[in-house]
Structure formats: structure tokens, C-alpha cells
Amino acid sequence: MRARYGVPLGITAAGAAGLLYSVGFEARSFRLRRVTVPVLPPGMRPLRVLQVSDIHMVSGQRKKQRWLRSLAGLRPDFVVNTGDNLSDTEGVPEVLDALGPLMEFPGAYVFGSNDYYGPKPRNPARYLLEKAQGRHGLNGNPPVVGAIHNPWEDMRDGFDAAGWLNLTNVRGSLKIDGLEIELTGLDDPHIKRDRYARVAGGPSDSADFSMGIAHAPYLRVLDAFTADGYPLILAGHTHGGQVCLPFYGAFVTNCDLDTDRVKGLSTHTSAGRTAYLHVSAGCGTNRYTPVRFACPPEATLLTLTGRD
């Protein structure tokens, strides 16, 4: 009996232990990633940018809320929220409460698909199938039918009331110690709400520094920002792969970005120009797949320094 059943039982036990770890520990093991990016004009003083992404708030997630509030102790120069704040139609008050201390700082935001629409149960294997077929989000898939609509307008109003810039297919700017920081944003490319033509043309001559922001790092968006001369692009959406294999990495990115750049700092080249790209692994999960493995939840403090 041991020879016949020992190996399958061992595999089952290991799988169960891994699931318990990924749900009970790693998905709640919040981390801060620190990254230095040499993108500022020479002589400009460093800027500290806190990026939060993919919070996917579910009502009652007290530990996540406490951790988000604690990030205000980093004292960033400004905050960038790259979307997917919700995974619960009742989650808006808790998002605004958790981000309240951060909204004391200058900031800007874009929305992701989960800000607009509530999640549905989904077989995780479909991500692998869609990757193999080259289909992601609404980009190649049929339109969403019967979607749950989130009260995103209430969240938008809360962010706007705090003075955060709404970068939904628009340009905006922040004044930081007399410096003009231009932020060019897009609505979520994952559901084809991006309208780059409205913001095309590259950085403004009057800005001291400019950067591009979108929720999902689709290649068409990265190509456009890079070709227009933006030196830095921030995005989220990928969850860092969410379930990764140690020493191998992510299996999927849930967009057409390659898995080598699923999270962290990398570069992107288009039309002979190169930009830095930072993709946040985010700090949450879809409420129906609350697992992370070899990919802990995170926020990122980016220190922007002068170019060589």
C-alpha cells in the first residue's frame, strides 16, 4: 500500500500545504520594494514616488488597511495609484480610509477594470489558455456581458476631493518644491478604454520632468509612451504573476507583456528610444482567487535620481 499510495498522498499533502501558505501567509505578507531610477535631468534633486497598485479591497481586510495607512510614514514627495482598488462593491469607504493618510500628500491616479466592474469566479487555468491564444481582457475577447458595476464614482470623488489628479486619458502636473512634474495618464488598456491620441505629443517643454502612467502595461501603450520620449512609465495589473514558480518566475502577465518584465524595474524600447518601466506586483488579489505564491504583495518606493 505504501508503494502504491505513498507518492500521490505526498503530492496531495504538499499541494495542500502550499495552498494554505499562499492563502494564509503570503497573500497577507505585505512588503515594500525600493527602487532607484536614474531618469531626472542632471542637477535636479531626487524625488521619492510611492506607487500603490491593485489593492483589490474586500470589506473587512483590516491588516491590509493598516499596512496601507502605515505607508504614509515614508513621507513620499508624491503618490501614484495605478488602479484596481476594488474587489468588492462595498469596498469604497475602506479604500478611502486606508489611503486617507497618503492623500495628505500630492498624488495622482488611474483606474483599472476592477474599479469599474466587480469580479466573478473564474477558472485560473483560463489565464494560461488565453496566453496561448493571444487573448487578454477585452483585447481579442468578446465584450463583457452581465458585469457587476462598482460605485467607482464615489472613489473618484474621494480622490479628487483630496487633490489627487485624475489622469483618465489626460495630462496633469504637480508642483513639488517649485518643480513642475508632468503626469500623462491613460484609462485601462485591458478593457480598451485607453485613448492615447488625446495625450499624444510627448513631454511638455515647460515641465521639469514627465512620466507616463497606465494600469495595464500593454505593448501598444508602452510603445506610444516610449516613442513620444517619456523616460519613465508606471503600471500595475500583472500581480507579478501572482502564482510563480521559485527559480523560474511567472507563468502569465494577463496582458501581452512578456513574463521577464512581469514586475519590478526594466526597460522598454520603441522607435529608437528607451524608457524605464516599473510594473508593480500590487498588494491584493481578486477576491475569488486570494492566493499568492513566490510573489508577495507589495508597494514600491521609487527614488528618482539624475541621469548619468
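The values are calculated or read from the model by the stated rules, or taken from the named source; none is laboratory data. The structure presented is a predicted model; accordingly, all values stated were derived computationally and were not measured. Glycine gets a Cβ as well: all are built from the backbone with ideal geometry, and neighbour counts include every protein chain shown. For accessibility, only protein heavy atoms count, side chains too; no ligands or nucleic acids. Shrake-Rupley method; radii C 1.70, N 1.55, O 1.52, S 1.80 Å.
Of everything in region 66-86, what is crowded, with 20+ Cβ neighbours inside 10 Å and small (G, A, S)? Give them in sequence order.
G83
Given (1) open to solvent by 50 Å² or more (accessible area, probe 1.4 Å); (2) under 27 Å from P76 (Cα atoms), identify the lone condition not met by G172.
Only one criterion is unmet by G172, namely (1).
Scan region 87-106 and tell me whether some residue there is open to solvent by less than 10 Å² (accessible area, probe 1.4 Å), touching a residue at least 24 places away in the same chain (Cβ under 8 Å) and acidic (D, E).
Within region 87-106, not a single residue is open to solvent by less than 10 Å² (accessible area, probe 1.4 Å), touching a residue at least 24 places away in the same chain (Cβ under 8 Å) and acidic (D, E).
In region 107-134, how many residues are acidic (D, E) and surrounded by 19 or more Cβ atoms within 10 Å (Cβ to Cβ)? Steps first, please.
Step one: list which residues in region 107-134 are acidic (D, E), which gives 115, 130.
From what's left, surrounded by 19 or more Cβ atoms within 10 Å (Cβ to Cβ): 115.
So the answer is 1.
Among the numbered conditions (1) touching a strand residue (DSSP E or B) at 6+ places or on another chain (Cβ under 9 Å); (2) of a type outside the set (D, E, K, R); (3) open to solvent by 20 Å² or more (accessible area, probe 1.4 Å), tell me where F159 comes up short.
If we test F159 against (1) touching a strand residue (DSSP E or B) at 6+ places or on another chain (Cβ under 9 Å); (2) of a type outside the set (D, E, K, R); (3) open to solvent by 20 Å² or more (accessible area, probe 1.4 Å), just (3) comes out false.
Suppose the filter is open to solvent by 70 Å² or more (accessible area, probe 1.4 Å) and at pLDDT 95 or above; does R48 pass it?
When the stated conditions are applied, R48 passes them.
Quick check: is even one residue across region 182-195 open to solvent by 20 Å² or more (accessible area, probe 1.4 Å), farther than 27 Å from D154 by Cβ and out of contact with any Leu (no Cβ under 6 Å at 6 or more places or on another chain)?
no
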